[in-house]
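Have a look at the structure below before the remarks.
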Amino acid sequence: MTQTEYLTPDETGLTRAVALLRAGLCVAFPTETVYGLGADASHDQAVAGIYAAKERPSFNPLIAHLPSLEKALEQGIFSHEALTLAKAFWPGPLTLVVPVCATTTICELARAGLSSVGLRVPNHPIAQKLLAQVDLPIAAPSANSSGRISATAAPHVLEDLHGRIAAIIDGGETPVGVESTILDCTGEQARLLRPGGISREDIEAVLGRRLEAQAPVSNKPLAPGMLTSHYAPRAAVRLNATDIHPHEAALLFGEIEPTGVEQALKITNLSPTGDLQEAAAHLFSALRLLDTSGATTIAVAPIPNTGLGEAINDRLNRAAAERDT
Ligand code: TXA
Ligand code: MG
């Protein structure tokens with residue numbers, strides 16, 4: 001057990017965070033998507049600290065965060081499409097999995113032994129400042145215990161990780177609310193590995209073609225990051241609910257009210273006006289809130305699968321999947 005330092009996102013806080021990261025310790029920080037649990041990606045022992053704090057299966061590789069495309073180019077080999085995508089969407093909620101290059105400083109443990117690496121340049125101002133100041137690639141998975149709901153606010157991080165990490169920088173709520181979109185750019189044509197904060201439609205517009213469908217979800221280590229049972233609240237999750245059963249909690253979207261909603265133990269609407277961006281921003285905090293209602297099941301109303309709806313439905317499907325443990 002360590003005492004987790006609470007840092008404010010000012011010069012003092014950032015200087016302290018940089019010192020802790022350089023000393024090989026774990027610091028949680030806000031990004032535009034969710035909070036990340038950061039550590040020096042070039043340092044095996046620092047990265048081991050992340051796996052330990054999260055109790056994460058060690059075959060699951062981590063994303064390395066960098067302050068700029070220029071810095072990212074020192075870590076991986078960018079195909080023509082990867083470069084086009086980086087220029088279009090960085091800084092922003094997009095992760096590119098690229099082959100590592102000879103100059104990479106990202107250690108094998110962060111890559112889980114793979115010859116590819118996930119790179120991301122976040123656009124959150126606090127993450128930007130931290131990455132520029134620390135001048136190291138920072139490995140950062142979402143700052144939650146492995147398999148649990150991602151954290152979009154500092155108290156959520158502390159619920160899972162208090163006493164297990166050196167510090168947290170409190171930057172308030174994260175604006176996007178779902179993790180970055182991940183594209184596999186190890187081949188000539190980029191493929192979608194995980195839907196996220198940049199919609200498929202926006203990526204397809206830049207590529208000028210359709211993105212290949214996501215590989216089937218499974219619990220095999222061969223499909224890292226695609227663990228079926230992920231983002232799991234304690235309660236069971238029932239999808240596409242058009243009616244609410246007694247003793248359920250209800251997660252709604254838009255104006256349509258499922259029948260029996262008045263029986264719900266607790267009700268939250270992700271976006272009463274049906275705005276998918278707003279819904280993404282509220283998704284994880286809504287799941288956490290409903291999970292405290294005492295309901296054994298969270299019933300989720302149908303959510304359209306366009307734009308950020310693809311990322312929202314992906315997370316909800318994983319939350320509803322059969323649990324491993
Ligand atoms: O928005 C985000 O991406 C957040 C913030 C903190 O940046 N991070 C995040 O990290 O969601 P994490 O570790 O929870 O999810 C990253 C996913 C993992 O599931 C991992 O398997 C996949 O990225 N990944 C990382 N490197 C990979 C690689 N070389 N090949 C395939 N998948 C990779
Ligand atoms: Mg995660």
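The values are calculated or read from the model by the stated rules, or taken from the named source; none is laboratory data. As the structure is a prediction and not an experimental result, all values here were calculated from the model. Neighbour counts run over all protein chains shown; Cβ positions are idealised from the backbone, glycine included. Note: areas computed on protein heavy atoms with side chains; ligands, DNA, RNA excluded. Shrake-Rupley method; radii C 1.70, N 1.55, O 1.52, S 1.80 Å.
So what is the relative contact order for the chain, in percent, with contacts set as C-alpha pairs under 8 Å and at least six apart?
Numbers: 786 pairs, mean separation 63.7, N = 325.
Relative CO of the chain lands at 20 percent.
What full-extension length gain, to one decimal in nm, is calculated for Thr242 and Ala23 as 0.36 nm per residue of separation minus the Cα-Cα distance? Walk me through the numbers before you get to the answer.
On the way: separation 219, 0.36 × 219 = 78.84 nm, distance 5.20 nm.
So the extension gain works out to 73.6 nm.
Quick one: dipole size for the chain, taken about the Cα centre, charges +1 on Lys/Arg Cβ and -1 on Asp/Glu Cβ, in debye to the nearest 20.
Working: 24 positive and 35 negative charges, 133 e Å.
Approximately 640 debye in magnitude.
How far is helix 44-54 tilted off the main Cα axis of the chain, in degrees rounded to 10, range 0 to 90?
10 degrees
Given the options Ala311, Ala41, Ala19, state which has the largest fluctuation in a GNM of the chain using a 10 Å cut-off (strictly under) for Cα springs.
Between Ala311, Ala41, Ala19, it is Ala19 that shows the largest mean-square fluctuation.
Test of understanding: in a Gaussian network model of the chain with alpha carbons linked when under 10 Å, which of Ser150, Ser115, Ser285 would top the mean-square fluctuation ranking?
Sorting by GNM fluctuation, first place goes to Ser115.
Using 0.36 nm per residue, how much length does the chain from Asn317 to Cys101 gain when fully extended, once their Cα-Cα distance is taken away?
Values: separation 216, 0.36 × 216 = 77.76 nm, distance 3.50 nm.
So the chain would gain 74.3 nm between Asn317 and Cys101.
Just the accessible area per residue of the stretch 155-218, please: how many Å² with a 1.4 Å probe? Don't skip to the answer; put the middle values down first.
Values: 2740 Å² over 64 residues.
Ligands and nucleic acids excluded, the result is 43 Å² per residue.
Within the stretch 73-131, what whole-number % of the accessible surface is contributed by carbon and sulfur, with the 1.4 Å probe and all protein chains included in the calculation? Intermediate values should be presented prior to the final figure.
Numbers: 1380 of 2260 Å².
Carbon with sulfur: 61 percent of the solvent-accessible area.
Subtracting the Cα-Cα distance from 0.36 nm times the residue separation, let me have the gained length for Ser115 to Thr12 in nm, one decimal. If you can, show how the numbers build up before the last one.
Details: separation 103, 0.36 × 103 = 37.08 nm, distance 3.74 nm.
Gain on stretching Ser115 to Thr12: 33.3 nm.
In Å², and per residue, what accessible area does the stretch 238-324 have when probed at 1.4 Å with the other protein chains present? Intermediate values should be presented prior to the final figure.
Details: 3950 Å² over 87 residues.
That works out to 45 Å² for each residue.
Given only helices, namely DSSP H runs of n ≥ 4 each adding -39500 (n - 2.57), what is the per-residue ellipticity at 222 nm of the chain, to the nearest 500 deg cm²/dmol?
Details: 10 runs with 96 residues, N = 325.
Computed ellipticity for the chain at 222 nm equals -8500 deg cm²/dmol.
Taking only Cα atoms, what is the 0 to 90° angle, nearest 10, from helix 276-291's long axis to the longest principal axis of the chain?
70 degrees
Direction-averaged shadow area of the convex hull around the Cα atoms of the chain, nm²?
Values: hull surface 61.9 nm².
With every direction weighted equally, the projected area is 15.5 nm².
Specify the angular offset, from 0 to 90 degrees and rounded to the nearest 10, of the alpha carbon long axis of helix 125-134 from the longest principal axis of the alpha carbons in the chain.
It works out to around 30 degrees.
State, to one decimal in nm, how far the label point of Thr2 lies from the label point of Arg234, with both points 7 Å from Cα in the Cβ direction.
It works out to 2.8 nm between the two label points.
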